[in-house]
Structures are given as structure tokens and as C-alpha cells.
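The values are calculated or read from the model by the stated rules, or taken from the named source; none is laboratory data. Fair warning: this is a prediction, and the values are worked out from it, not measured in the lab. FYI the Cβ positions are ideal-geometry reconstructions off the backbone, even for glycines, and counts take in every protein chain you see.
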Amino acid sequence: MKLARVTKKGNRSFHLEFLMMTLLPLIVCGIVMMVVCSGSVRDSMTSEAEDNLRNVALLVLGSYDEMYPGDYEAKHENEEFKLYKGGQMLSDNYELLDRIEQESSLEITIFYLDTRLLTTLKNSEGVRMTGSVAGEKIVTEVLNSRMARFYDNVSINGTEYYAYYSPIMSSFTNDCIGMIGVAKPATELKASIGRSVNRTMIVMLLAILITSFFITRFANELVTVVKFMLDFMKKLSDNKLDAKLDARVVQREDELGEMGRNLNSLQIALRRLIERDVLTGLFNRRSAEKKIDVIEASGVRYCVAIGDIDHFKKFNDTFGHECGDVVLREVAHLLNDCMNRCEGFVARWGGEEFLLVFVNTDINGVYDALMIIRQALHDKDVVYNDQIHKVTMTFGAAERVEGVPINHLIRAADDKLYEGKQGGRDRVII
């Protein structure tokens, strides 16, 4: 599954870094575990083989001790050595060794010193390999040092064996008089070890692949979510404040979902900062012009009105600019409430001027609405420093005429406002 690319910085990308942080450690860890587990399987099976060979060697020696109490000895008869135990000749009696060899598939040899006098090993012609001697290394490490040894690479008659050798001690003199060797062909055991190692490798490889699949799916989802957020932020930086963040982001219940919801809150704050007047909270002039363009493009009937607070300068000069700010906020709140009952909007046009846009309303309807606003202003008390101030406004309105540019329409409303100011203020002129 291919991860969606998010963004690049130079020659690096979040996509590649995420892969390095997730899949790469998994693959490295998987390879290490495969090597370690394969070695453990190999060591375990080799140790099991050693235990098996040791047990068979002890079984043979124990059986001979039970059947023929006494020490081993070799006698030279008819130009060859014969092996005895407790006075009983063993050399021509293979019943025990052959039975154990058939049951265990193991080769068994009894050495007198370094020479095979009793063995199940046969040469290529099917003749038992009696009279042959053990390797120099085995003689040195087992016979001479009187210590049992396990080998995983003993070559006997050109065949490689896993073998276990144990010294045979005299009960009278405590001397090492020979050895017992038990061997298993290495090809068979190595094939069994190889199969077990291969099964382990396959299982672990499948586990790595399955885990990688789910990690990749999970990573792809996370990277996609990050991509949605980056695209959204890019749109915001390009001043596309009406962009929508993919719902899959905000619906998440984790930290990424929280980041998405914070981005939505940031978008709202940015829109308010850019589109709204800081003091009054109304649309600013720039936003109002854009909204009028949208209304104009729709082809619906609309009218514009410009209202100006009468004698606003006296509030600033007499009571201070803080009083003027209070008056502006109170008037803006009243205008916004009144326009919420109409189809349209109100914006702060500049200073103490406000632009009111009425949609799907003719000029007479606008006049009625402005008279209601004028009366609401008469009824309103603006309180500042425990003093009550009365505020009035003068309005000029004009109706859209087909083919007349927007700026001419607003100028017409402004001319009506000027006419109202000249005529005594606190008036509505259409």
C-alpha cells in the first residue's frame, strides 16, 4: 500500500520520514529476530540431538553393565582383537547394538582404546568397520582427557556425522580403557534443522509482512489526515477563508482530531479578524464590498442605505474617545439586531458611517425598515459613566438600477445621506 505524499522539505518528506520511523525499525527488528530465532532453533535442535546421543550411549553402557558385570578388555585371537566384558565376548554379539540401531537410527561403536572392536558402522561394501581407529582429535579430547565430547562435524568413512563420545573407565584401575561413540548422519539432522529454521523464517516473515501491512494502512491514514490539514492551512494562507476542512479530520477522537478542530477555530478567528470590524463586530468595508459583488452577481433585487451618527464628534470631544467607542458599539448592536429581521446585512463603512444592504426589498420596504431603526434609536439609552446619551442617525437609501455600477449606487445613497444631513439630520431620505 502506497503512502500518500504530504509535503517536502528539500529532498526529505514527511511520507519518507514516517516510513523510516515505522517500517524501517520493524524490518530491522524482524531481521534480527529472524536471525536470533533461527540460531535458537538450530542450537535447540543440536542440543536435543546431543541429549539423544548421550542418552543412547548411557543406555548401551547400562545395558552391558547389567548383562555382563565386569570390566571391558581386549584379547588378541586369530590375529585380531576381540572385545570382552566380564569374561563374556562381545565382538560377535550384535543383538543389542543392532536392535538399538534399528529403533533409533543411530550408529553405535565400542572402542578399546582408539580402535573400533564393536560397531554398527559399515563400509560401502556392507562390512562392519571393526579395526578402524578414531580420529586424532577425538582420541586427544576424549580418550586422553577422559571427558565426554559432542561433535557436529565428525567425518567417518567420508560421511559427516553428529557424534557423541564418552570415555569408558576401568572399575579397578580407574584408567580410560576405551570409548563409546554414538553417531547420527549429519545430512538427515541438518535437513531437519533446515526445515525447522525455514518454517520459523516463513512464520516470522509473514508476521512482519502482515504487521507492515497494518502499519502502512495506519500510517497512510495518519499521513492523509496531515495532508488534509496542510492543504487546509495552505488555503487559509492563500486567503481562501471559506475553505472546508475534511470531515474525517474533525471526527477523529485523537490529537489529530483536536488539531483539526483547532484549525477550524483558527479559521473562524481569521475570518472574524479579516472580515469583521474589531470595535463593532460588524462586517468591515472590504467584506461588505465582496458581499455586494456576490449579491449583484446573483441578479436579485436589492437596495443600499448609508447611515451616519448625528453629531458624533461631540461624543469624542466632550466625553472622550471611550465614550465614542461605546456609542459605536451600541449603535452597531442595534443595527445588527434590526437587520437580523430583514434579508441582508449591515457593515461599518468607515468612522461613524454604516452600510445597510437590503435584499429582495424595494425602496419603499427599505424606507419602512429604516424608520423602524430610527425609532429604535430614539427609544435607546446609551449609558457611559452613569450618564445617559441619546443617539440619532441620518440615513440615505437608493435602489439598484439595471446597468448602474455598484459604486454609483452607493454614491446615490451617500448623496441622499448628505441631503438628510443638510435638511436637519435624524431623517430617512430615499
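Take V197 and decide whether it is surrounded by 12 or more Cβ atoms within 10 Å (Cβ to Cβ) and farther than 30 Å from Y164 by Cβ. Considered against the rule, which asks whether it is surrounded by 12 or more Cβ atoms within 10 Å (Cβ to Cβ) and farther than 30 Å from Y164 by Cβ, V197 comes out as no. Restricting the search to region 267-294, which residues are surrounded by fewer than 19 Cβ atoms within 10 Å (Cβ to Cβ), of a type in the set (A, V, I, L, M) and more than 26 Å from V391 (Cα to Cα)? Passing the criteria: I268, A269, L270, L273, I274, V294.
When you scan region 151-158, do you find a residue that is among the aromatic types (F, W, Y) and either farther than 20 Å from L61 by Cβ or modelled with pLDDT of 90 or more (or both), even just one? Checking region 151-158: at least one residue is among the aromatic types (F, W, Y) and either farther than 20 Å from L61 by Cβ or modelled with pLDDT of 90 or more (or both). In this structure, does I202 turn out to be surrounded by 15 or more Cβ atoms within 10 Å (Cβ to Cβ) and part of a helix (DSSP H, G or I)? Answer is no for this residue.
Quick one: is L328 in the same structural domain as V401 (by TED's automatic domain parsing) and part of a strand (DSSP E or B)? Considered against the rule, which asks whether it is in the same structural domain as V401 (by TED's automatic domain parsing) and part of a strand (DSSP E or B), L328 comes out as no. Against the list (1) in contact with a Gly (Cβ under 9 Å, 6 or more places away or on another chain); (2) in a helix (DSSP H, G or I), the condition M233 fails is (1). Looking at this structure, is I108 under 60 Å from the mean Cα position of the chain (by Cα) and modelled with pLDDT of 90 or more? The answer is yes for I108.
Number of residues in region 147-161 that are under 23 Å from Y64 (Cβ atoms) and touching a Pro at 6+ places or on another chain (Cβ under 9 Å): the value is 3. Read through the list (1) part of a loop (DSSP other than H, G, I, E, B); (2) in contact (Cβ under 8 Å) with a residue 24 or more places away in the chain; (3) among the basic types (K, R), then give the number of the only condition that K240 fails. So K240 meets the others, but not (2). Can you work out which of the residues in region 41-59 that are within 15 Å of I180 (Cβ to Cβ) and not β-branched (V, I, T) is nearest to the chain's Cα centre (by Cα)? Top of the filtered list is E50. Residues of region 101-159 that are part of a helix (DSSP H, G or I), within 26 Å of M89 (Cα to Cα) and charged (D, E, K, R): E101, E103. Among residues that are of a type outside the set (K, R), within 28 Å of M45 (Cα to Cα) and surrounded by fewer than 17 Cβ atoms within 10 Å (Cβ to Cβ), G181 is not included.
Of a type outside the set (S, T, Y), outside the structural domain of A332 (by TED's automatic domain parsing) and assigned to a helix (DSSP H, G or I): does that describe V294? Against the criterion (of a type outside the set (S, T, Y), outside the structural domain of A332 (by TED's automatic domain parsing) and assigned to a helix (DSSP H, G or I)), V294 does not qualify.
K227 meets the conditions (1) free of Cβ contacts under 8 Å to residues at least 12 places away in the same chain; (2) of a type in the set (D, E, K, R); (3) closer than 28 Å to L19 by Cα in every case but one. The failed one is (1). For region 212-224, filtering for residues that are loosely packed, with under 15 Cβ neighbours inside 10 Å and in contact (Cβ under 8 Å) with a residue 24 or more places away in the chain leaves 2. For region 118-142, filtering for residues that are of a type in the set (S, T, Y) and surrounded by 15 or more Cβ atoms within 10 Å (Cβ to Cβ) leaves 4.
If only residues of region 177-200 that are in contact with a helix residue (DSSP H, G or I) (Cβ under 6 Å, 6 or more places away or on another chain) and not β-branched (V, I, T) are counted, the one that is modelled with the highest pLDDT is M179. Among the conditions (1) charged (D, E, K, R); (2) closer than 23 Å to M34 by Cβ; (3) more than 46 Å from the chain's Cα centre (by Cα), the only one that R149 does not satisfy is (2). Please enumerate the residues belonging to region 243-288 that are basic (K, R), free of Cβ contacts under 8 Å to residues at least 60 places away in the same chain and either within 17 Å of L230 (Cβ to Cβ) or not in a strand (DSSP E or B) (or both). The answer is K244, R248, R252, R261, R271, R272, R286.
Scanning region 36-59 for residues that are among the β-branched types (V, I, T) and either in contact with a strand residue (DSSP E or B) (Cβ under 6 Å, 6 or more places away or on another chain) or within 14 Å of I193 (Cα to Cα) (or both) yields V41, T46, V56.
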